Amino acid sequence: MKIQVITLFPEMFTGVLGTSMLWKAQEQGIVSYELVNLRDFGLGPRKQVDDTPYGGGDGMLFKPEPVVAAIEHAKRKNAEAKVLLPTPRGKLYKQSDAKRLAAVAQDLIIVCPRYEGYDERITQWVDDSFCIGNYVLTGGEVPAMVIIDSVVRLLSGVLGGESSADIESFQADDRTIEFPQYTRPEDFRGLKVPEVLLSGHHAEIEAWRTAQTKTDKN
């Protein structure tokens, strides 16, 4: 899988993509990343990428020309790559979306908006729009990182155990929250591991875990 990120701040991704599982996936050739600097597609001598909104209002919007030019540049690497746009106007991003994107293993292009947003016409070049939560961030870079992390970790060969991703929260239905887990020591400052987990009785352990599994009601 190849993931291209269109952003005004490519330096924000250096540490994230070069650490832990995202780095491991790249080292093993499971995924590759490319950061596309939107400023390279800006207009005029000042490389302008934004302008004031029609109809008035505060803030600046991404102009359509630089964004579409950057998408078309990325598409030349793979015309079939899926273009994603993190935005409050998108559907709520869930584990099922990450599973779907990972299962297809289709190349991705993620556009990171900034400022007050973007000219709505760029959505004609977008395949899917996602919102990672009901709150406002300063740009699309953090949501892009969330999407990348959630998808890449599900690609075959990235996580250590064969079933590591199968028993996690939200994996079954976007609502199921995994049971609590414990490790050594058995007693930490008076807080003890539940006796059933020390019993070695697998049926009772499974029953306890089932009872402790929760459902997100949001």
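The values are calculated or read from the model by the stated rules, or taken from the named source; none is laboratory data. Note that the structure is a prediction, hence the values are computed from the model and not measured. Please note: Cβ atoms are built from the backbone with ideal geometry, for glycine as well, and neighbour counts cover all protein chains shown. Please note that ligands, DNA and RNA were not included when accessible areas were found on the heavy atoms of the full protein model with its side chains. Shrake-Rupley method; radii C 1.70, N 1.55, O 1.52, S 1.80 Å.
Between the amide H of LEU108 and those of LYS2, ILE3, GLN4, LYS82, distances stay under 5 Å, these residues lying 5 or more places away or on another chain, with hydrogens modeled in the peptide plane.
Annotation: the antiparallel percentage among DSSP beta bridges lying fully within the chain is about 30.
Which log10 I(q)/I(0) values does segment 74-142 give at q = 0.14, 0.22, 0.27 Å⁻¹ under the Debye formula, counting every alpha carbon as one identical point scatterer? Taken in order of the listed q values, log10 I(q)/I(0) reads -0.44, -1.04, -1.36. To the nearest ten degrees, helix 141-152 and the longest principal axis of the Cα atoms of the chain are 50 degrees apart. Pick out which of PHE179, PHE130, PHE41 has the largest mean-square fluctuation in a Gaussian network model of the chain, springs linking Cα atoms closer than 10 Å. Taking springs between Cα atoms under 10 Å, the residue moving most is PHE179. Taking every DSSP helix (H) stretch of at least 4 residues in the chain, weighting each as -39,500 (n - 2.57) and dividing the sum by the residue count yields a mean residue ellipticity at 222 nm of -8000 deg cm²/dmol. Ranking ARG89, ARG46 by solvent-accessible area of protein heavy atoms (1.4 Å probe, all protein chains present), from largest to smallest, gives ARG46, ARG89. Binning all Cα-Cα separations of the chain at 5 Å, short to long from zero, yields these whole-percent fractions: 1, 6, 12, 15, 16, 13, 10, 8, 6, 4, 3, 3, 1, 0, 0. Peptide packing: for 193-203, 117-127, 58-68, the average count of neighbouring Cβ atoms within 10 Å per residue gives the ranking 58-68, 117-127, 193-203, highest mean first. List the lysines whose Cα sits under 26 Å from the Cα of LYS94, skipping any in the same chain fewer than 8 residues away. Partners found: LYS2, LYS24, LYS75, LYS82, LYS214, LYS217. Listed by chain and number, the aspartates and glutamates whose alpha-carbon sits under 20 Å from that of LYS99, ignoring those within fewer than 8 places in the same chain, are GLU80, ASP107, ASP127, ASP128, ASP149, GLU162, ASP166, GLU168, ASP173, ASP174, GLU178, ASP216. Between segment 1-59 and segment 190-218, the alpha-carbon centres lie 43 Å apart. Considering only GLY160, GLY29, GLY56, the Gaussian network model of the chain with Cα springs below 10 Å gives its largest mean-square fluctuation to GLY56. Note on the chain: with a GNM built from Cα contacts shorter than 10 Å, the maximum mean-square fluctuation among ASN134, ASN78, ASN37 falls on ASN134. Helix 202-212 axis versus longest C-alpha principal axis of the chain: approximately 50°, rounded to the nearest ten. Calculated over segment 1-129, the projected area of the Cα convex hull averaged across directions stands at 8.8 nm². If you take the alpha carbon atoms of segment 51-110 and fit the smallest convex hull around them, that volume is 96 Å³ per residue.
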